[in-house]
1. Could you look through region 83-104, keep only residues that are within 18 Å of the chain's Cα centre (by Cα) and of a type in the set (V, I, T), and pick out the one that is farthest from I65 (Cα to Cα)?
2. Only one residue in V43, V26 is assigned to a loop (DSSP other than H, G, I, E, B) and not acidic (D, E). Which one?
3. Can you name the residue in region 84-117 that is among the aliphatic types (A, V, I, L, M) and part of a helix (DSSP H, G or I) and is also farthest from S59 (Cα to Cα) among such residues?
4. Can you tell me which residue in region 9-41 is farthest from V70 (Cα to Cα), limited to those that are charged (D, E, K, R) and open to solvent by 40 Å² or more (accessible area, probe 1.4 Å)?
5. Taking region 152-170 as the search range and keeping residues that are basic (K, R) and not in a helix (DSSP H, G or I), which one is farthest from the chain's Cα centre (by Cα)?
6. Please work out which residue is surrounded by the fewest Cβ atoms within 10 Å (Cβ to Cβ), limiting yourself to region 62-80 and to residues that are aliphatic (A, V, I, L, M), at pLDDT 90 or above and not in a loop (DSSP other than H, G, I, E, B).
7. Taking T83 and the conditions (1) modelled with pLDDT under 95; (2) surrounded by 13 or more Cβ atoms within 10 Å (Cβ to Cβ), which numbered condition does it fall short on, given that it satisfies the others?
8. Can you name the residue in region 92-105 that is loosely packed, with under 15 Cβ neighbours inside 10 Å and modelled with pLDDT under 95 and is also farthest from R10 (Cα to Cα) among such residues?
Amino acid sequence: MKFCVIGLGRFGYQVATGLAEHGMEVLAIDSDEAIVASIRDLVTHAVCMRVADEASLRSIGVDEIDTVIVATAENFAQSILITALLKKRLNTPRVIARAINDIHEEILKLVGADEMILPEKDIGIRLADKLSSPFADIIHLAKDFAVSQLKAPKKFVGKKIVELDLYETYGVHCIGIKKDTQQIVPADPEYVIAAEDRLIISGNDEDSEKIAKL
């Protein structure tokens with residue numbers, strides 16, 4: 001799969017190099033020569049240019065890219081223009097755009113962005129979740145549904161997962177077990193829970209908290 005990252009600030013740079021590390025083909029674009037030089041050996045292609053119109057995008061092959069990440073959020077107008085060109089003129093299959101606030105996000109949605117990301121907002125929400133939650137790790141898949149990790153309650157130790165009737169009793173599923181080695185293994189119904197285990201559970205927040213309080 002081919003990716004293009006337009007704008008190599010902190011966010012764009014990390015996305016581009018992270019995708020490349022995962023074996024993806026990445027075209028990285030920025031108007032700063034020094035930044036482009038620093039990333040050139042870390043991605044498939046790196047181009048120094050200021051994206052201004054449809055022709056400039058086509059000239060470097062962006063019209064052949066599967067997914068484009070528009071990371072130029074600080075330049076409000078430019079990010080909107082680029083997103084619109086990608087969706088309306090180049091028919092890019094998937095455009096992910098970074099937004100700096102809710103209004104920016106709404107405008108990006110209106111011009112066709114398939115997905116909007118507000119990194120600072122997302123980090124703030126995750127930090128709030130972590131600080132206010134009894135779970136070691138929690139990832140919200142919806143407003144009140146999450147996958148979370150917690151230390152096995154004492155009353156679970158020595159029992160098989162199937163014996164606990166987790167869904168019937170608590171409304172959650174155990175989808176994995178994290179051992180001391182940091183290895184996560186699928187939850188075998190016949191697995192006997194040990195004191196040092198951490199349970200990976202999925203369910204809504206209210207039901208998950210019932211187990212956390214045991």
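The values are calculated or read from the model by the stated rules, or taken from the named source; none is laboratory data. In this text, all values refer to a predicted model and were calculated from it rather than measured experimentally. With ideal geometry, Cβ positions are generated from the backbone for all residues, glycine too; neighbour counts draw on all protein chains shown. Side chains are part of the model used for accessible areas, which takes the heavy atoms of the whole protein and leaves out ligands, DNA and RNA. Shrake-Rupley method; radii C 1.70, N 1.55, O 1.52, S 1.80 Å.
1. The selected residue is I100.
2. Details: V26 fails: assigned to a loop (DSSP other than H, G, I, E, B).
Exactly one of V43, V26 is assigned to a loop (DSSP other than H, G, I, E, B) and not acidic (D, E), namely V43.
3. So in region 84-117, the residues among the aliphatic types (A, V, I, L, M) come out as 84-86, 90, 95-97, 99-100, 103, 107-108, 110-111, 113, 116-117.
Now narrow it down to the ones that are part of a helix (DSSP H, G or I): 84-86, 103, 107-108, 110.
Working: A84: 17, L85: 14, L86: 13, I103: 31, I107: 27, L108: 24, L110: 26 Å.
In this case the residue turns out to be I103.
4. The first filter runs over region 9-41 and keeps only residues charged (D, E, K, R), leaving 10, 21, 25, 30, 32-33, 40-41.
Of the ones still in play, those that are also open to solvent by 40 Å² or more (accessible area, probe 1.4 Å) are 10, 21, 25, 32-33, 40-41.
Values: R10: 13, E21: 19, E25: 16, D32: 16, E33: 18, R40: 18, D41: 21 Å.
If we take residues in region 9-41 being charged (D, E, K, R) and open to solvent by 40 Å² or more (accessible area, probe 1.4 Å), then D41 is farthest from V70 (Cα to Cα).
5. Step one: filter region 152-170 for residues basic (K, R), giving 154-155, 159-160.
With the extra rule that they be not in a helix (DSSP H, G or I), the set shrinks to 159-160.
On the way: K159: 35, K160: 33 Å.
Among those residues, the one meeting the criterion is K159.
6. Taking region 62-80 as the starting set, the residues that turn out to be aliphatic (A, V, I, L, M) are 62, 65, 68-71, 73, 77, 80.
In the following step, the residues that additionally are at pLDDT 90 or above were identified as 62, 65, 68-71, 80.
In the following step, the residues that additionally are not in a loop (DSSP other than H, G, I, E, B) were identified as 62, 68-70, 80.
Details: V62: 23, V68: 29, I69: 25, V70: 29, I80: 20.
Top of the filtered list is I80.
7. Result: T83 passes all but (1).
8. We begin by selecting, within region 92-105, every residue loosely packed, with under 15 Cβ neighbours inside 10 Å; these are 93, 101-103.
Still in the running and modelled with pLDDT under 95: 101-103.
Working: N101: 17, D102: 20, I103: 22 Å.
Among those residues, the one meeting the criterion is I103.
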